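See below for the structure under consideration.
The values are calculated or read from the model by the stated rules, or taken from the named source; none is laboratory data. Since the model is a prediction, treat every value here as computed from it, not as a measurement. Note that each Cβ is placed from the backbone with ideal geometry, even for glycine, and that neighbours are counted across all protein chains shown. What goes into the accessible areas is simple: the full protein's heavy atoms, side chains included, and nothing from ligands, DNA or RNA. Shrake-Rupley method; radii C 1.70, N 1.55, O 1.52, S 1.80 Å.
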Amino acid sequence: MNSLATRLRAVGLFYRSVAPFMVGTSVLILLVVLWPALHEGWASGLVLQLLLVKLATAPAVWYLSEQLRPDQYWFYFNLGVSRRFLWVGLVLLDGSLFLGLAGALVAAFA
């Protein structure tokens, strides 16, 4: 039986493999949309909308990941971790990181 720590470490390792795509979209959304909105003063309530936009980019990242590295899951299958667990954990981790960065930006301008 797998422990939760092994599964969470596997999600962290999997996140490192797709981090350039996920972090790239996060930085792009924050710099292109949130930064100007904070400067102009119309950013109230925008963070949750941007989170939904960020989560909507996850299928594109999944597609790119499947096309570029189709056999990447064997290592995780040997650990007993499914694709669904990896991707759900990745979306939760990335969403929380995005909210943290957006919150830090909003707090810096408040």
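Here are some notes:
Rundown of residues vs (1) out of contact with any Leu (no Cβ under 9 Å at 6 or more places or on another chain); (2) part of a helix (DSSP H, G or I), yes/no style:
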site	(1), (2)
LEU28	yes, yes
LEU38	no, yes
ALA43	no, no
GLN49	yes, yes
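- Scanning region 83-103 for residues that are free of Cβ contacts under 8 Å to residues at least 24 places away in the same chain and open to solvent by less than 60 Å² (accessible area, probe 1.4 Å) yields one hit, GLY100.
- Count of residues meeting criterion [under 15 Å from ALA107 (Cβ atoms) and either open to solvent by less than 20 Å² (accessible area, probe 1.4 Å) or hydroxyl-bearing (Ser, Thr, Tyr) (or both)] in region 11-45: 5
- Residues in region 1-10 that are out of contact with any Leu (no Cβ under 6 Å at 6 or more places or on another chain), of a type in the set (A, V, I, L, M, F, W, C) and within 15 Å of ASP94 (Cα to Cα): LEU8 alone.
- Within region 1-18, residues that are under 12 Å from PHE75 (Cβ atoms) and at pLDDT 90 or above have Cβ atoms under 8 Å from residues that are part of a helix (DSSP H, G or I) and aliphatic (A, V, I, L, M) in these pairs: ALA10/LEU86; PHE14/LEU86; PHE14/LEU90, counting only partners at least 6 apart in sequence or on another chain.
Here is a yes/no grid of residues against (1) under 17 Å from GLY103 (Cβ atoms); (2) within 11 Å of the chain's Cα centre (by Cα); (3) among the aliphatic types (A, V, I, L, M):
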residue	(1), (2), (3)
ALA5	no, no, yes
ARG16	no, yes, no
THR25	no, yes, no
LEU30	yes, no, yes
SER44	yes, no, no
ALA58	no, yes, yes
